[in-house]
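Below is one structure, written out as structure tokens; comments come after it.
The values are calculated or read from the model by the stated rules, or taken from the named source; none is laboratory data. Not measured: the values here are computed from a predicted model. Note that each Cβ is placed from the backbone with ideal geometry, even for glycine, and that neighbours are counted across all protein chains shown. Accessible surface areas use protein heavy atoms only, side chains included; no ligands, DNA or RNA. Shrake-Rupley method; radii C 1.70, N 1.55, O 1.52, S 1.80 Å.
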Protein chains: 2
Amino acid sequence: MRDISLHPGENVDDLMFKGLRIIQNRTGFRFGMDAVLLAGFAHGRGARVLDLGTGTGVIPLLMAGAQPASRFTALEIQPDMADMAQRSVALNGLEERIRVVCGDLLQYRQLLEREQYDTVTCNPPYTRADEGSASQQESQAVARHEQSCTLEDVARAGYYALRYGGHMALIIRAQRTVDILDTLRREKLEPKRARLVCPRQGAVPNLLLVEAIKHARPGLAWEAPLTVNGPDGTYTPEMRAIYHMEDENG
Amino acid sequence: MRDISLHPGENVDDLMFKGLRIIQNRTGFRFGMDAVLLAGFAHGRGARVLDLGTGTGVIPLLMAGAQPASRFTALEIQPDMADMAQRSVALNGLEERIRVVCGDLLQYRQLLEREQYDTVTCNPPYTRADEGSASQQESQAVARHEQSCTLEDVARAGYYALRYGGHMALIIRAQRTVDILDTLRREKLEPKRARLVCPRQGAVPNLLLVEAIKHARPGLAWEAPLTVNGPDGTYTPEMRAIYHMEDENG
């Protein structure tokens, strides 16, 4: 293990995939299933990938493991999170492939190269700016609540960064389906592939994965809904594959 | 059976629900599973229901059976189809409850009462006006292809007819998800409830049911995906319930 400094309250967690590790706070914002689902769904085509609002950097870290030929830019507004992501990149020896940029995506024209990316990923704030209350700790509030940017801001930054025909992949609460599809289309990122995520068979979907293509024609291909847990409460085989878990009986 | 005249090529088919019957052409447009799914999904709240592009009238006939207290207006552009629907209404003795109107929904201001309906249903043309070729027979072409009206036309007519807070329910090919959600929101009919229909467990969804509420706030509640066929190729229990089939083993 490289000599990477940990700040008080931080842990090194095993991503259980290609030996990758990530630095996280024990109590603050920690990556969740949504980030893993998005990394699996995006399977970023192409050589250059941008992650907007990368947080601890989990999405580029997982995608770097899955796509050894790709290079990543990871944009994060919160300096402490960007610093943590940068140290995770170093911890994994991925400095050549993942570049962490600390900045506000509203400044995308200054921060990003125009039309240079094949894929943009984003796990945007889950709650509309006009609903609910801002949550506990500031870092969690920024990550979970639409206070630093809206879906429109995310789409505009993605549009700017993507090459013609490039892909933008997002995950969002299913109840915001209309918001995300409508915003993407308005920003000339046409939704082309989507998938609902259901906690259990026969349960109400709670998350939506969607991939849009810059300047594509209309027409959305739904994938079969993804079921997270089987009847016994453990991950379904498909979820185990997304989490890159080995089959213990295999 | 009442003395209702049948035209050459027409049959009386049993709707297998509350003794209802319907007149259809043996070879022309015949109602499909989509109409039955929509009638089941809409379960039209309220006393007054409007069906736009009713075809043979299958949706108001099925809903009249399920909601004995509701009254229906059934609008159809094709005179031969409207006439067939009118004769089916008479055949079932529903003249007091279902009014068939022959006219073009683009003329909604002349044909419909404003803000008088609790629920509007529509099984709109499946294909975008700008894609594919018009099909064989004219009556099938009008029913299946967006040549007489667009989704926007349908939404505008629905908006005009619905009272404040009224519901509009539609079924559409799943690949047109963005078109329908986007159009409804733009026309102030906010999508509030949706359901994907999958032919089999684990299969790609091919139909979308959606219900919008006039002037509602954003926020879409997905229902669990509906699976049509079980592993043995017969209807799932839920589909049997939608088709009002008695359980033969029950």
Between the modelled labels at B:E95 and A:Y164 (7 Å from Cα along Cα→Cβ) the distance in nm is 6.4 nm
For chain A, modelled as a GNM with alpha-carbon contacts under 10 angstrom, which of A:R193, A:R97, A:R240 fluctuates the most?
-> A:R240
With x for Gly and Pro, the residue-by-residue ³J(HN,Hα) of the stretch A:33-40, computed from phi through the Karplus equation 6.51 cos²θ - 1.76 cosθ + 1.60 at θ = phi - 60° and given in whole Hz, is 4, 4, 5, 5, 4, 5, 4, x
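Suppose we keep just the DSSP beta bridges with both residues in the protein assembly as shown; what percent of those would be antiparallel, to 5?
Close to 45 percent.
Given the convex hull of the Cα atoms of the protein assembly as shown, what is a quarter of its surface area in nm²? Numbers along the way, then the final one.
Values: hull surface 108.8 nm².
Convex hull of Cα atoms, orientation-averaged projection: 27.2 nm².
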Amide H within-cut-off set for B:V228, under 5 Å, with H built and near neighbours excluded = B:C198, B:R200
Could you pull the Rg and Dmax for chain B, using just the Cα atoms, both in Å?
-> 17.3, 51
Once fully extended, how much extra length lies between B:V12 and B:D232, figured as 0.36 nm per residue of separation less the alpha-carbon to alpha-carbon distance?
-> 76.2 nm
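Please compute how much accessible surface disappears when B pairs with A, both sides summed, using a 1.4 Å probe, and round it to the nearest 100 Å². Numbers along the way, then the final one.
On the way: alone 11920 and 11910 Å², together 21750 Å².
In total, this chain pair buries about 2100 Å².
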Tell me the GluC sites (Glu not before Pro) within the stretch B:184-250 that lie in a loop according to DSSP and have at most 12 other beta-carbon atoms within 10 Å.
-> B:E246, B:E248
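Once you charge only the Cβ atoms, +1 for Lys and Arg and -1 for Asp and Glu, what is the size of the charge dipole of chain A about its Cα centre, to the nearest 20 debye?
Dipole about the Cα centre, nearest 20: 720 debye.
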Where the centre of each part is set by its Cα atoms, how far does the stretch B:56-72 sit from the stretch A:6-85, in angstrom?
-> 54 Å
Farthest positive-ward along chain A dipole, Cα basis, beta-carbon charges - from A:N11, A:A157, A:L52 | A:A157
Residues in the stretch A:167-190 occluded by at least 50 Å² - accessible area, probe radius 1.4 Å, against chain by itself | A:Q175, A:V178, A:D182, A:R185
For the protein assembly as shown, calculated [θ]222 nm from helices alone, where every DSSP H run of n ≥ 4 adds -39500 (n - 2.57) = -8000 deg cm²/dmol
How high is the FRET efficiency between A:A216 and A:A47 when r is their beta carbon distance and R₀ equals 25 Å, given to the nearest 0.05?
-> 0.80
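Provide the per residue accessible area, probe 1.4 Å, for the stretch B:10-247, rounded to a whole number of square angstrom.
On the way: 9630 Å² over 238 residues.
Per residue, the stretch B:10-247 has 40 Å² of solvent-accessible surface.
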Amide H contacts of B:G166 (H built 1.01 Å from N, under 5 Å, at least 5 apart or other chain) | B:K214
Accessible surface of the protein assembly as shown [probe 1.4 Å, protein heavy atoms]: carbon and sulfur percent = 49 percent
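Tell me which GluC sites (Glu not before Pro) from the stretch A:1-108 have a DSSP coil assignment and no more than 12 other beta carbons within 10 Å of their own.
Working: sites: A:E10, A:E76, A:E95, A:E96; in loops: A:E95, A:E96.
Passing sites in the stretch A:1-108 are A:E95, A:E96.
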Residue separation between A:S5 and A:R26 times 0.36 nm, minus their alpha-carbon distance, gives in nm 6.0 nm
Would you grab the residues whose amide H sits under 5 Å from the one on B:R99? Only those 5+ places off in sequence or on another chain, please, with H modelled 1.01 Å from N.
-> B:F72, B:T73, B:A74
For A:A66 paired with A:Q116, estimate the spin-label separation in nm (one decimal), with each label point 7 Å from Cα along the Cα-to-Cβ line.
-> 2.4 nm
Tell me, what HN-Hα J-couplings in whole Hz come from the Karplus equation 6.51 cos²θ - 1.76 cosθ + 1.60 at θ = phi - 60° for each residue of the stretch A:168-184, using x for Gly and Pro?
-> 10, 10, 9, 10, 8, 4, 4, 6, 9, 3, 5, 4, 6, 5, 5, 5, 4
